[in-house]
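The values are calculated or read from the model by the stated rules, or taken from the named source; none is laboratory data. Since we're looking at a predicted model, the values are computed, not measured. All Cβ positions, even for glycine, are placed from backbone atoms using ideal geometry, and neighbour counts span all protein chains on display.
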């Protein structure tokens, strides 16, 4: 267990299980937060790439005189 002892009574088992459940909830919340942060970073990268590609396309089209 967490403190190095095995629980002996039913109450100790319940407290140990409660501690495990609390730890699992905390880990799930951390995973959700990390997922949201990664999703935001991916959105920023996607929009930067899309903007860069769009500007390159406009430059190439203007150089090849397609707009005239």
Hey, any hits in region 9-17 for a residue that's in contact with a helix residue (DSSP H, G or I) (Cβ under 8 Å, 6 or more places away or on another chain) and without any contact (Cβ under 8 Å) to a residue 24 or more places away in the chain? no
Odd one out for residue 7 among (1) surrounded by 10 or more Cβ atoms within 10 Å (Cβ to Cβ); (2) in a helix (DSSP H, G or I): (2)
Give just the number: which of (1) modelled with pLDDT under 90; (2) assigned to a helix (DSSP H, G or I); (3) within 30 Å of the chain's Cα centre (by Cα) does residue 2 not satisfy? (2)
